[in-house]
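Any read-out appearing in this document is the output of simple, stated calculations on the displayed coordinates, not a laboratory observation. Keep in mind the model is a prediction, meaning the values are calculated, not measured. We place every Cβ from the backbone using ideal geometry, glycine too, and count neighbours over all the protein chains shown.
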Amino acid sequence: MKRLYTFLCGLLLLSGAKAQENAVTALDAQQGKYADIAMQIWDWAEMGYKEEKSSALLQQTLKDAGFTIRTGVAGIPTAFIAEYGSGSPKIGILGEYDALPGLSQKAVPAKEPAGGVAGHACGHHLFGTASAAAAIAVRNWLADSGASGTIRFYGTPAEEGGGGKVYMTRAGLFDDLDAVLHWHPGAANGASAGASLANKSAKFRFYGISAHAAGAPERGRSALDGVEAMNHMVNLMREHIPQETRIHYVITDGGKAPNVVPDFAEVYYYARHNTREVVREVFDRIVKAGEGAALGTGTTMDYELINGVFEILPNLALQKVMHQNLEAVGGMTYTEQEREFARKIAASMDIELDEKTAGSVLPYQEESRAFGSTDVGDVSFVVPTVGMRAATWVPGTPAHSWQAVAAGGTSIGVKGMMIAAKTLAGTAIDLFQEPAILAEARKEFETRRGPGFQYESLLGDRAPALDYRD
């Protein structure tokens, strides 16, 4: 009897593994379909909270696959949730689809703007599409296997500075999940423990008095003087803050004519650090610098909080599973045409093509250094969260570059996208089949957050900044 039981269990495991393999490999047959979707979103290149067409296309794709759709969640018109199944476990997959301003580029290996106002320099056209493809593959596995559980795709707008996931987190949309999966385009394939910088941003607006700059300058009070005085004080402050801190700014409005004392000026600031506590402190000092600048220049100042995101809370229990799935999927092989394109992209950055990186998976590491920020950080503090990167760009390519836009519009980007889709799908199916992993992930999650943790957004109660790209 014991041998029979062992034999039957072995058959069940084998059939389960085969069903999972079928679900993942079935994505290959759909590559053309998902490539078309991604390239359409790449072509639209809609910026944060303006992704009406991109969001609608992903919604329709998921609806056609049998998902139920909830639109306009968290007070954001382009945010949505697509769901299939019922009961536990409940697994979420995040998808982004916003582009960046000022980075229009054709899919060619030389800098050549496409004529638009924005470009997918962070590859979110691939991000949203791969995540939707993975969710559909998991849906099909649930239906075919008869397994219980719920798969959700979260359409999350405006990651680039708009903090869409922060509002969705604040609205409690992730609270009942057992795990969340995400990925990001990149220059290599890796699923080591992630890290990111907490970030708080605002637009500081100065108001002065206009006057003729030559005929009556004494009667004017320059709003631009207020901006420049603030910038100078913040730059002096850099010596007296933790060295890991990053502060960036751009003057978004400095007046319209040199012979008119400007009565309005605006500067847009980011403050970043490894921890949200330091970000809060540094941001408050930036505000004080703005107040002092207004006092010293005879102007007035107010500011609008635009975004605020947590650092990522890693989860090694989930990370190991995702790394195993990525290793099983592996990297990509360039065609000769792709290789020639990649060589030219590499040459534009004064580096040699490193094709080996695109064709392999980086070794697993349990720690990583943070360089950028993401609103995934907030999600990671309310539910165990795990992510990965795929080589959608030529190795060595930095994000937010024309080279990233160009490669993301080619078959190189599509191949990386499918690596991500397969890895996400395989990881999700593992979690459905092995509740012990989810239990371990939850235990680690609670330990890392610490006792008595209560989520409180860095944005407070402000409404979504739907016009931040205006």
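Using every Cα-Cα pair within the range 401-453, state what percent have a distance larger than 13 Å.
Values: 981 of 1378 pairs.
Considering the range 401-453, 71 percent of its Cα-Cα pairs are separated by more than 13 Å.
Evaluated at 37 °C with a viscosity of 0.692 mPa s, what Stokes-Einstein diffusion coefficient in µm²/s does the range 297-366 have when Rh comes from the Kirkwood expression over alpha-carbon pairs? Can you show the working numbers first?
Details: Rh = 16.7 Å.
So the translational diffusion coefficient is about 196 µm²/s.
What residues of the range 86-121 lie in the reach of a label at residue 171, counting those whose backbone N is under 13 Å from a point 7 Å from the Cα along Cα→Cβ?
Output list for this probe position: empty.
Search the structure for amide H atoms under 5 Å from the amide H of residue 265, placed 1.01 Å from N in the peptide plane, and list their residues when 5 or more places away or on another chain.
206
Using the eigenvalues of the Cα gyration tensor, what equivalent ellipsoid semi-axes result for the range 97-150 when each is taken as the square root of five times the eigenvalue, whole Å, largest first? Walk me through the numbers on the way to the answer.
Details: eigenvalues 270, 21, 7 Å².
The equivalent ellipsoid of the range 97-150 has semi-axes of 37, 10, 6 Å.
Size of the range 367-470 along its principal axes in angstrom, Cα-based, largest extent first?
46, 42, 26
When the chain is fully extended, how far beyond the present Cα-Cα distance does residue 68 get from residue 110, taking 0.36 nm per residue of separation? Mind showing how you got there, number by number?
On the way: separation 42, 0.36 × 42 = 15.12 nm, distance 4.24 nm.
Full-extension gain reported as 10.9 nm.
Could you give me the ³J(HN,Hα) list for the range 136-149, computed from phi with Karplus coefficients 6.51, -1.76, 1.60 and θ = phi - 60°, whole Hz, x at Gly and Pro?
3J(HN,Hα) across the range 136-149, in whole Hz: 5, 4, 5, 4, 5, 5, 4, 5, 6, 8, x, 5, 8, x.
Relative to the longest principal axis of the chain, what angle (0 to 90°, nearest 10) does the C-alpha long axis of helix 31-44 take?
10
Compute the Rg/Rh shape ratio of the chain: radius of gyration over Kirkwood radius, all on alpha-carbon atoms.
1.02
Summing +1 for each Lys or Arg and -1 for each Asp or Glu, what net charge is found among the other residues whose Cβ lies under 10 Å from the Cβ of residue 314?
Working: positive: 448; negative: 311, 366, 367, 444.
Computed value for this residue: -3.
What net charge is computed for the residues neighbouring residue 451, neighbours being all others with C-beta under 15 Å from the C-beta of residue 451, Lys and Arg scored +1, Asp and Glu -1? List each step's numbers first, then the result.
Numbers: positive: 442, 443, 448, 449; negative: 444, 446.
Around residue 451, the surrounding residues sum to +2.
Quick check: pseudo-label points 7 Å beyond the Cα along Cα→Cβ at residue 218 and residue 237, how many nm apart are they?
3.4
Hey, what did the chain get for relative contact order, percent, Cα under 8 Å, at least 6 apart?
Details: 1057 pairs, mean separation 107.1, N = 470.
Value for the chain: 23 percent.
Give me the Debye-computed log₁₀ of I(q)/I(0) at q = 0.13, 0.17, 0.18 Å⁻¹ for the range 85-244, equal point scatterers on Cα only, no solvent, two decimals.
Calculated log10 I(q)/I(0) at the listed q: -0.90, -1.15, -1.20.
7 Å from Cα along Cα→Cβ at both residue 56 and residue 144: what's the point-to-point distance in nm?
3.3
Calculate how steeply helix 2-29 sits against the longest principal axis of the alpha-carbon atoms of the chain, using the helix alpha-carbon long axis, and give the answer as 0 to 90 degrees to the nearest 10.
Computed tilt is about 50 degrees.
Determine which lysines satisfy two conditions relative to residue 288: a Cα distance under 25 Å, and not lying fewer than 8 residues away in the same chain.
List returned: 200, 203.
Whole percent per 5 Å bin, from 0 to the bin with the longest distance: what is P(r) over all C-alpha pairs of the range 198-309?
2, 14, 23, 21, 16, 11, 6, 4, 2, 0, 0
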